[in-house]
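Down below is the structure, laid out as structure tokens.
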Amino acid sequence: MLDGFEFAVFHGIISKPYVINFNFYRMKKTIVVWFSCGAASAVAAKKTIEEYGQIHNILIVNSPIKEEHSDNIRFKDDISKWLNYPIIEAKNNNYPNMSIDEIFDKRKYMGGVLGAPCTMLLKKEARYQFEKENNIDFHVFGFTYEEKKRHNSFVKFERSNVIPILIDKKITKFQCFDILDIAGIKLPKIYKLGFPNANCIGCVKSASPTYWNLVRKKFPEIFQNRCEQSKRIGAKLVKVKGERIFLDELKTTDKGGKIKSWECGLFCNSN
Ligand code: SF4
């Protein structure tokens, strides 16, 4: 059966140049930019559109997690306006609430040698499901210039069809902040509070005492919830002087080094 366009061509309603254009459109490759509500992936999206937008279909995709700071949504909307592109969602159909608390309680596991289940189910599996439903030719992530190693590792172990847009353009994480600043876009509030990325508050990937004491100070309720939940499940989330301890054993005076940045999900297993 002919679709509307084919019908119009068949009956001569649409002329040949339009047919050629349409066929060209159909041949366009699809690039997915995985937007994490962080500065780097926002700039990666901008640069991808500038470089490839004319000749590729570009999708900007986000997997929203319930436990991220609420200001991430404001940031996502600002970025969508800046790009003049919609930001669509990729969710795990089996966990439509996209809640890490729910995952921890159901799985009775928060992290360890097998990685973090929240990453696996809410980021990776959400991406795999999206990949199955969409024909994707290339992926773009927010790997910055100083993250070549992580990009290489991702390409080796996860997907080989990645365009390293920020690395190619030698754009660092701090330059991403500057680019957004010049564009008049405020970073997600979580950065201002001293956190190195816009991930979930109380991320189970961090074992840093400095990080967890910052969570305790800025978000006492979330800290308390994570204390109780991890005790119940038996997960020792924090490391002090080389030893894993429960969060409720962490002293307010315990310190580690500077809080490192890490990315969740799409490539956090490669950290
Ligand atoms: S940011 Fe941390 S807690 Fe949130 S999904 Fe990723 S690994 Fe899990």
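The values are calculated or read from the model by the stated rules, or taken from the named source; none is laboratory data. Just so it is clear, the model here is predicted, and its values are computed rather than measured. With ideal geometry, Cβ positions are generated from the backbone for all residues, glycine too; neighbour counts draw on all protein chains shown.
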Find the residue count for the range 62-75, including only residues that are crowded, with 21+ Cβ neighbours inside 10 Å and either more than 12 Å from Ile190 (Cβ to Cβ) or touching a strand residue (DSSP E or B) at 6+ places or on another chain (Cβ under 6 Å) (or both). 3
Please work out which residue is farthest from the ligand (Cβ to nearest atom), limiting yourself to the range 217-240 and to residues that are within 24 Å of the chain's Cα centre (by Cα) and of a type in the set (D, E, K, R). Lys218
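Name the residues in the range 151-163 that are in contact (Cβ under 8 Å) with a residue 24 or more places away in the chain and out of contact with any Phe, Trp or Tyr (no Cβ under 6 Å at 6 or more places or on another chain), would you?
So in the range 151-163, the residues in contact (Cβ under 8 Å) with a residue 24 or more places away in the chain come out as 153-154, 157-158, 161-163.
Of everything in the range 151-163, those that are in contact (Cβ under 8 Å) with a residue 24 or more places away in the chain and out of contact with any Phe, Trp or Tyr (no Cβ under 6 Å at 6 or more places or on another chain) turn out to be Ser153, Phe157, Glu158, Val162.
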Being farther than 30 Å from Asp137 by Cα, part of a helix (DSSP H, G or I) and hydrophobic (A, V, I, L, M, F, W, C) is true for just one of Ile179, Ile201, Ile190, Ile167. Which residue is that? Ile190
Residues within the range 125-141 that are at pLDDT below 95 and either within 12 Å of the ligand (Cβ to nearest atom) or crowded, with 21+ Cβ neighbours inside 10 Å (or both), tallied: 0
Number of the condition not met by Lys148 [criteria: (1) more than 16 Å from the ligand (Cβ to nearest atom); (2) assigned to a helix (DSSP H, G or I); (3) within 21 Å of Asn57 (Cα to Cα); (4) not hydrophobic (A, V, I, L, M, F, W, C)]: (3)
Identify the single condition in (1) in a loop (DSSP other than H, G, I, E, B); (2) modelled with pLDDT of 95 or more that Ser206 does not satisfy, given that it satisfies every other one. (2)
Residues being surrounded by fewer than 22 Cβ atoms within 10 Å (Cβ to Cβ), of a type in the set (A, V, I, L, M) and touching a strand residue (DSSP E or B) at 6+ places or on another chain (Cβ under 7 Å): count how many of those fall in the range 43-57. 1
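Listed here are the residues, each with its yes/no results for (1) over 29 Å from Glu146 (Cα atoms); (2) modelled with pLDDT of 95 or more.
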| site | (1), (2) |
| --- | --- |
| Lys28 | yes, no |
| Ile31 | no, yes |
| Ala45 | no, yes |
| Asn93 | yes, yes |
